[in-house]
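This report concerns only the one structure given below.
The values are calculated or read from the model by the stated rules, or taken from the named source; none is laboratory data. The structure displayed is predicted, hence computed values, not measured ones. Quick reminder, even Gly has a Cβ in these numbers, built from the backbone with ideal geometry, and neighbours come from all protein chains shown.
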Amino acid sequence: MEKVILTKPDDWHLHLRDGEAMKSVVRMSAFQMGRAVIMPNLSPPITNTKQAIKYHNEIVRALPKESRFRPLMVLYLTDKTTKNEIIEASEAQEVHAVKLYPAGATTNSDSGVTNLSSTYPALEQMQKEGVPLLIHGEVTDNDIDVFDREKVFIDRTLTKLVQEFPSLKIVLEHITTKDAVDFVSECEKNIAATITPHHLLANRNHMLVGGIKPHYYCLPVLKRKSPHQEALIAAATSGSPKFFLGTDSAPHEKHQKESSCGCAGVFSAHAAVELYAEAFDGAGKIEKLEGFASFFGADFYGLPRNQEKITLEKTTWRIPESYNFSGSHVVPFFAGEELSWRLSA
Ligand code: DOR
Ligand code: ZN
């Protein structure tokens, strides 16, 4: 059987939720990943170091004792985040980044940033301390078409931010457009991006042709195959250290997705590495998977690469229709479909 051995990957963008919901999904990521950057968009959000450490400990307690999985915590940036909060965060070994959600951009982003210049003292301090800023890169203006919101964010906000904070480490999260690929590629090496498995494997036709498929709905929303999905595949498989793995796995209960106002988020933690393998193999670039999945993110964050190895076997298996989730169900990405790579236990 064909096999690929990889250094254990890390997930540089993961939603675990909290409480029972977190307990029902955390082991899937812990099985696949060495570490994961844990998004702070809980309700209420994780806005300070004390909350981040408490959340970190809750995640670690939910894991089996022998697990070596490490959650890397993130603070949620608000208009009120102070310079001192950043100093405290940079001194805590649990905290690794700060996340910028424009207010109203996505799930639990109501406390996000309404006025970017009010965050400048915090950003100044992050630049000084080398703390990465993770960005949900979409504008929220009502008059901007939802398919254009990432490009308009780059043009109106990100370009200026990069000029004003030239050495701030920035990760443009879950990029979805050729515009984002081009922007990040042209920037200095302190600007990087994560790419999700769903944006590599799907485009807006998957969501909208033959009936509306709510389990494909996420933010930023899936874009056109050409040029956007194709540009993401090319970037991820290029071997450029600016692009690395971040699943944005975001579990929601089945009934909250299958609703007249369904929420945004694709759950992919059940088969993250296999889904990426499918995308890389589909592009004829499976040999580029290890850099993207296991090296470039760690290098960007200034953390050691993992030592452990994982094995992917080329064998067909079918993804379940659903998984238990907090007393209810979550429908995974590729539910009921076949994958051709499987992580061996
Ligand atoms: O689709 C998404 N779901 N995008 C986000 O930015 C947030 C996430 C969630 O938390 O459900
Ligand atoms: Zn996310």
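Can you spot a residue in the range 199-212 that is closer than 28 Å to PHE165 by Cβ and out of contact with any Cys (no Cβ under 7 Å at 6 or more places or on another chain)? Yes, because at least one residue in the range 199-212 is closer than 28 Å to PHE165 by Cβ and out of contact with any Cys (no Cβ under 7 Å at 6 or more places or on another chain).
Among LYS99, LYS54, LYS50, LYS151, which is of a type in the set (Lys, Arg), modelled with pLDDT of 95 or more and in contact with an Asp or Glu (Cβ under 7 Å, 6 or more places away or on another chain)?
Numbers: LYS99 fails: in contact with an Asp or Glu (Cβ under 7 Å, 6 or more places away or on another chain); LYS54 fails: in contact with an Asp or Glu (Cβ under 7 Å, 6 or more places away or on another chain); LYS50 fails: in contact with an Asp or Glu (Cβ under 7 Å, 6 or more places away or on another chain).
LYS151 is the lone residue from the list that is of a type in the set (Lys, Arg), modelled with pLDDT of 95 or more and in contact with an Asp or Glu (Cβ under 7 Å, 6 or more places away or on another chain).
Taking first residues from the range 210-221 that are touching a residue at least 24 places away in the same chain (Cβ under 8 Å) and partners that are among the polar types (S, T, N, Q) and surrounded by fewer than 19 Cβ atoms within 10 Å (Cβ to Cβ), the Cβ contacts under 8 Å between residues at least 6 apart in sequence or on separate chains come to PRO214/SER259; LEU219/THR107. Each residue in the range 165-181 was checked for being farther than 13 Å from HIS199 by Cβ and either of a type outside the set (D, E, K, R) or within 16 Å of ligand 2 (Cβ to nearest atom) (or both), and 6 of them qualify. Considering the conditions (1) of a type in the set (Asp, Glu); (2) in contact with a Lys or Arg (Cβ under 7 Å, 6 or more places away or on another chain); (3) buried (at least 24 other Cβ atoms within 10 Å of the Cβ), GLU2 is excluded by exactly one of them, (3). Within the range 80-97, the residues that satisfy the criterion of being in contact with a helix residue (DSSP H, G or I) (Cβ under 6 Å, 6 or more places away or on another chain) and either at positive phi or buried (at least 23 other Cβ atoms within 10 Å of the Cβ) (or both) are THR81, ILE86, ALA89, VAL95.
With a cut-off of at least 2 residues that are under 17 Å from GLU278 (Cβ atoms), name the strands (runs of 3 or more DSSP E) lying wholly within the range 294-338. Reasoning before the result, please.
Values: elements: 309-318, 323-325, 328-330.
Strands (runs of 3 or more DSSP E) meeting the threshold: 309-318.
One line per residue, one yes/no per condition, for (1) at pLDDT 95 or above; (2) within 22 Å of ALA293 (Cα to Cα); (3) not polar (S, T, N, Q):
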site: HIS174; (1), (2), (3): yes, yes, yes
site: ASN203; (1), (2), (3): yes, yes, no
site: ILE212; (1), (2), (3): yes, no, yes
site: HIS215; (1), (2), (3): yes, no, yes
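Annotation: of all residues in the range 5-29 being closer than 24 Å to LEU133 by Cα and more than 16 Å from ligand 1 (Cβ to nearest atom), the one that is surrounded by the fewest Cβ atoms within 10 Å (Cβ to Cβ) is PRO9.
Being surrounded by 16 or more Cβ atoms within 10 Å (Cβ to Cβ) and more than 16 Å from ligand 2 (Cβ to nearest atom) is the filter here, so list the residues in the range 284-298 that pass it. Before you say what the answer is, go through the steps one by one.
Filtering the range 284-298 down to residues surrounded by 16 or more Cβ atoms within 10 Å (Cβ to Cβ) leaves 285-286, 288-298.
LYS285, ILE286, LYS288, LEU289, GLU290, GLY291, PHE292, ALA293, SER294, PHE295, PHE296, ALA298 - these are the residues of the range 284-298 that are surrounded by 16 or more Cβ atoms within 10 Å (Cβ to Cβ) and more than 16 Å from ligand 2 (Cβ to nearest atom).
From PHE165, PHE183, which residue is away from ligand 1 (no atom under 15 Å from the Cβ), at pLDDT 95 or above, over 22 Å from GLY265 (Cα atoms) and crowded, with 21+ Cβ neighbours inside 10 Å?
Values: PHE165 fails: crowded, with 21+ Cβ neighbours inside 10 Å.
The conditions single out PHE183.
Please verify whether GLY284 is closer than 20 Å to ALA192 by Cβ, assigned to a loop (DSSP other than H, G, I, E, B) and more than 17 Å from the chain's Cα centre (by Cα), treating the condition exactly as stated. Here the answer is no, as GLY284 does not meet what is asked.
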